[in-house]
Amino acid sequence: MNPKALLSALDFSRDVAAWRHLPAKPPRFAPLPPALHPAVSEVLRAQGIAQLYTHQAQALEAVLSGHHVVLTAGTASGKSLVFHAATLDALMRDPEATALWLFPTKALGYDQRARFAPWLAAADLPETWCQTYDGDTASARRAAARREARVIISNADMLHVGILPNHPRWASFFRALRYVVIDELHGYHGLFGSHVANVLRRLQRVCAFYGSTPTFILTSATIANPREHAEQLIEAEVRWISDDGSPHGERHVLLVNPPIVDTALGLRRSALFVARDIAAQTLRAGLQTICFARSRNMVELLLRALQEHAPDQRVVGYRSGYLPDERRTIERDLRSGAIRGVVATNALELGVDIGALDACVMLGFPGSVASFWQQAGRVGRRGMPSLVVMVATADPLDQFLVAHSEYLFEQPPEHARIAPDNLGVLAQHTLCAAFELPFTRGERLGRAEVTDLLDAFAEEGLLHASGSAHLPLFRHHPSSAPTETRYTWIGSEPPAQTVSLRGIGERVRIINEQGDVIGETDRHTAPARVHEGAIYLHQGQTYRIVRLDWETGEAVAKPEETDYFTQASVVSEVMVMRTLTSEGALGPTLSEVQVTTSVPRYRRVQFNTHRTLGWDDIRLPAQTLETVGYWFALTAEAARTLQREGVIGLPNDYGPNWAQQRDAARARDGYRCRICGAPELPNRQHHVHHIKPFRSFGYIPGENDAYLQANALENLITVCPSCHARIETAEAVNQSLAGVCYALVNLAPLLVMCDPTDLGATYDVAAPYANGLPAILIYEQTPGGTGLAEELMLQHRQLLRLTEQRLRECACERGCPSCVGPEPPTVRDTRRNRKHDALRVLLAFAAR
């Protein structure tokens, strides 16, 4: 491939916002470590490897010296050779030695088993010494793996739920455990990483019980804090190796911004269609192409569009939710070249061998700089030139990056953050650890103090305390407590079966009318993805969900050709429960918050035009999340000034009888929503809505009694928050706060390593947690939080500056999806300039 010639032939060059040419890099070598077992050196030479890349040699020397190691290097840099060689070295020195390799996906595990098999064969060792052990392993094969394998390839989920709870069956394996490999370390962040850190605490506790102290080998893409992150994950000192000596071919990286089609509104051509056109051109130019999209739904939409636009090319989808056999067939056909194009989520971002692809097209920024370069590294993997194109969406974050490409090419990558002592996470794993081995009073789980948790579980009857130390008397007088109190699990079933490492609970299966499983989704996302009437896309085919059984966790899908897809509307209500830290009465303030989320309706969106065809209601229960967020408010003086200018609208004075009439309306309606029938939740009252708008009665405090007619019971109805959001006409004066909220939460991932969906935000013109002043609250979408909100609060001023920059630079006239969000169709006052109003509010926040 001649990239320059190809690029000159492509017809999207006018939309290129940034173009970087990354020259080819030659390799740098080092000799094989002298400490390596001679048989392993011979195996390497038999594969044509007489010397190693510098990072491989340094990492292997450190591992052989007994150091825990974290190795950071580029994609396809040969990081796996380090743990292959170290493991084989251990096997050659001690045939009873064992190793545990953990990969983030089952596909990556199967790929690594295939790669290690020739090593065993060359060393004249049985192929059965290396086996996979995951959720797809048949029961008969599991027993054989425990009996025969010296190298177990698994994942954190199976270690958590299948291996550790059954450790007596693995006694000989744990007794001889020499190495634990954690591949793709950068993927273990946030809530998932916090869970995995606790699984590793439990692993090391079991190993100590059997008398082993394995060496950890961790590999990672480039992140800002690899040593810190690795040490927090395994709670031990780690040696960091980063001298990447691997070569790579020249690479052309382009950022493409779709052209503006409506100057006044700032609307651009659909990024999906631009990505489709670019991918179709690279495929027709003979380039095997991988496309990445940020969500399962966007994968299916892009796949469908590309299949229709390039019917002469074989293009398939690849994402979680596909069945295992389906995914492995796709991987095999990509390696052979039978498949010319694939559209994937980040499920293919990791190091699965899918051959030497030529071009990568990203539909939108993947959420972190580390992920961007991981996806870019999927092409040009054998020293050949490659092409990488990121098509910016209308999101503020994407638009900021195409305007400031230095954040991708010159800024350091983000920090990976975990919170292993998150109380909810720690409590779950403390119970799991108690099932595996009894606790002694005063014993820690890793570095975490868990005595109070053990006492609490004993009082609840989940654990049995052999002495009396679990009683309140001894908690107040610990010196009087028995010193050898043991806490033992009482139940018969392992608690790990009910603990999800992703904090997402159970799964919902999507089945066809014959009962065959065609996919699955998380239970907490099911209301938005597979509600009745939803269009479910699978391999470019459309299905309509005809029934969602919430109790059994099954959604029934019927094949149906449609010209539209569906998008659910999500409504969240936030209550501040407790203040953690604060910088003043108006914030920023870090707090524990409760978020109640409902999905009240969905819209049908035409495939080709993205025009909204209509709306329908959804009737599913609201879900509650307890997490951490931070909020900040306007001063009372700034709020009054902005109200006088018409920028914000403060709440009405509903008159002196409002509280009485409001309670009377709720009582009359049986404390249920008059629209959907939902009852009030504890400590959360429903809203009361004026059928005829209150302002239309002309009430002036102290001058007339128009409030009496406005607040008459016949003009009031009780509504739940989600139904209220559907029926309440949006006020233009409140769109300024909404616009600031939208921009802030979309730009926040620039400052913390997280997926855009890891954060949520809400605004309130009279926030009860801010003494009734206008406020914005940004919260984490994970139970208990993982430190993102705290880090954002520390960078609050920087976030405000970035948001101001985005609003000032946006080319639209009045506000658009690239700055303050799409204009709600119900806004009445079109004379206001939403972007200017949002900037006024933002500057008022910054001036505090």
task = Rounded to the nearest 10 degrees, what's the angle between the helix 106-122 long axis and the longest principal axis of the chain, both from Cα atoms, 0 to 90?
result = 10 degrees
task = With a cut-off of at most 14 other beta carbons within 10 Å, and DSSP calling the residue loop, which GluC sites (Glu not before Pro) in the range 46-135 qualify? Please list them.
result = 96
Folded to 0 to 90 degrees: helix 139-148 orientation relative to the chain principal axis, Cα = 40 degrees
ask   = If one computes the Cα centroid of the range 161-232 and of the range 259-282, what distance in Å separates the two points?
value = 45 Å
Amide H contacts of residue 389 (H built 1.01 Å from N, under 5 Å, at least 5 apart or other chain) = 254, 360, 361, 362
inquiry  = Within 10 Å of each candidate Cβ there may be at most 12 other Cβ atoms; applying that plus a DSSP loop requirement, which chymotrypsin sites (Phe, Trp or Tyr not before Pro) in the range 539-631 survive?
reply    = none
Cα-based shape type of the range 644-698, given that a ≥ b ≥ c are square roots of the gyration tensor eigenvalues and the cut on a/c is 1.5 = prolate
query = Rounded to the nearest 20 Debye, what is the dipole magnitude of the range 135-261 about its Cα centre when Lys and Arg each give +1 and Asp and Glu each give -1 at the C-beta?
reply = 840 debye
request  = Would you work out if the range 1-120 is rounded, prolate or oblate? Take a ≥ b ≥ c from the square roots of the eigenvalues of the alpha-carbon gyration tensor; rounded if a/c is under 1.5, else prolate when a/b is larger than b/c, oblate otherwise.
outcome  = prolate
key: Area of residue 552 that stays accessible when all protein chains are in place (1.4 Å probe, Å², to 10)   = 90 Å²
inquiry  = Loop-only GluC sites (Glu not before Pro) in the range 393-458, please: DSSP not H, G, I, E or B, and at most 15 other Cβ atoms within 10 Å.
reply    = 410
In degrees, nearest ten, helix 451-460 long axis to first principal axis of the chain (Cα) = 70 degrees
ask   = Near the amide H of residue 536, under 5 Å away, which other amide H atoms are found, from residues 5 or more places off or on another chain, if H is placed in the peptide plane?
value = 543, 544, 545
key: Whole-Hz couplings from phi, Karplus 6.51/-1.76/1.60, listed for the range 281-294; x for Gly and Pro   = 5, 5, 5, 5, 7, x, 9, 5, 10, 10, 10, 10, 10, 7
inquiry  = Once you order the gyration tensor axes a ≥ b ≥ c over the Cα atoms, which shape class does the range 276-421 get: rounded for a/c under 1.5, otherwise prolate or oblate by comparing a/b with b/c?
reply    = prolate
task = Let me know the charge dipole size of the chain about its Cα centre in debye, to the nearest 20, where only the beta-carbon of Lys, Arg (+1) and Asp, Glu (-1) is charged.
result = 1040 debye
request  = Identify, among 197, 171, 103, the residue whose Cα sits farthest towards the positive end of the charge dipole of the range 53-205, taking +1 on the Cβ of Lys and Arg and -1 on the Cβ of Asp and Glu, with the dipole about the Cα centre.
outcome  = 171
key: About the Cα centre, charge dipole magnitude for the range 265-346 (Lys/Arg +1, Asp/Glu -1 at Cβ), debye   = 200 debye
ask   = Give me the log10 of I(q) over I(0) for the chain at q = 0.05, 0.06, 0.10 Å⁻¹, as the Debye formula computes it from C-alpha points; what are the numbers?
value = -0.31, -0.44, -1.23
key: J(HN,Hα) series, the range 641-657, from Karplus relation 6.51 cos²θ - 1.76 cosθ + 1.60, nearest Hz, glycine and proline x   = 4, 5, 5, 4, 7, x, 7, 10, x, 6, x, 5, 8, 7, x, x, 9
By accessible area with a 1.4 Å probe, ligands and nucleic acids excluded, highest first: order of 455, 617 = 617, 455
request  = Sum -39500 (n - 2.57) across every DSSP H segment of at least 4 residues in the chain, then divide by the residue count to get the 222 nm mean residue ellipticity, nearest 500.
outcome  = -9500 deg cm²/dmol
query = How large is ³J(HN,Hα), in whole Hz, for each residue of the range 270-275 in order, when computed from phi with the Karplus curve 6.51 cos²θ - 1.76 cosθ + 1.60 and θ = phi - 60°, using x for Gly and Pro?
reply = 3, 4, 4, 5, 5, 4
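The values are calculated or read from the model by the stated rules, or taken from the named source; none is laboratory data. Because the structure is predicted, anything quoted here is derived from the model rather than measured. Ideal geometry is used to build each Cβ from the backbone, glycine not excepted, and the neighbour counts take in all protein chains shown. Heavy atoms of the whole protein, side chains included, go into the accessibility calculation; ligands, DNA and RNA do not. Shrake-Rupley method; radii C 1.70, N 1.55, O 1.52, S 1.80 Å.
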